[in-house]
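The values are calculated or read from the model by the stated rules, or taken from the named source; none is laboratory data. In this text the structure is predicted, and so the values were computed from the model without any measurement. Glycine also receives a Cβ, built like all others from the backbone with ideal geometry; neighbour counts cover every protein chain displayed. The accessibility values were calculated without ligands, DNA or RNA, using every heavy atom of the protein model including side chains. Shrake-Rupley method; radii C 1.70, N 1.55, O 1.52, S 1.80 Å.
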Amino acid sequence: MQVHEKSILLPLLPITMLAGTEPDLAIWGPVVGAFQMYPLLVRDGAAMAYLATNALYLIMMTGLVPKGVMAYSVHSSKWRLAATVGLLGVILLHSLELFVPAPVNLPWLFDRLFVSYGFVFIAAAMVYLNYRQWHQQHAGHAASKKQQ
């Protein structure tokens, strides 16, 4: 199986660059990128590093440390719900891979599930960010409305 390794960086770049306006989305992008690469990381013997790094990153970025240490926390209820549902799916997939053996005729099943689940996040982020782009008020448009 071919895991895309660096190709996840292409959609993550614009998501991360919008951290100023979409911080909740930007927090979860790198986690999804690592999640999609999990099958490759397992083969390379880096599964524990994946787990530790993601746990530390999420603790720091979601404000589970005292508020004085981190100024930002996931505060929007819609994003908190989406993040919770997404994280539950990640936990479920990791649990299934750990406790349920893949069918003999589909040894790559869990690898495909990890990559496909991550793709849903990236596709949804693309649709959402395109929607936001096309429905934002432009400075020139808002100034012309004020003059009328």
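Quick look at the values:
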item	result
Condition check for ALA102: at pLDDT 85 or above and part of a loop (DSSP other than H, G, I, E, B)	yes
Every pair of residues 6+ apart whose Cβ atoms lie under 8 Å, when the first sits in the stretch 9-31 and is closer than 15 Å to GLN133 by Cα while the second is of a type outside the set (A, V, I, L, M, F, W, C) and outside any helix (DSSP H, G or I)	ILE15/GLU22
Selection count, the stretch 53-80, where residues are modelled with pLDDT of 80 or more and open to solvent by 60 Å² or more (accessible area, probe 1.4 Å)	5
Residues of the stretch 84-93 classified as in contact with a Leu (Cβ under 9 Å, 6 or more places away or on another chain) and either touching a residue at least 40 places away in the same chain (Cβ under 8 Å) or assigned to a loop (DSSP other than H, G, I, E, B) (or both), total	0
Hits in the stretch 105-138 - residues which are β-branched (Val, Ile, Thr) and either outside any helix (DSSP H, G or I) or open to solvent by 60 Å² or more (accessible area, probe 1.4 Å) (or both)	VAL120, VAL127
Criterion: in a loop (DSSP other than H, G, I, E, B), out of contact with any strand residue (DSSP E or B) (no Cβ under 9 Å at 6 or more places or on another chain) and modelled with pLDDT of 80 or more - qualifying residue of GLY33, GLY45	GLY45
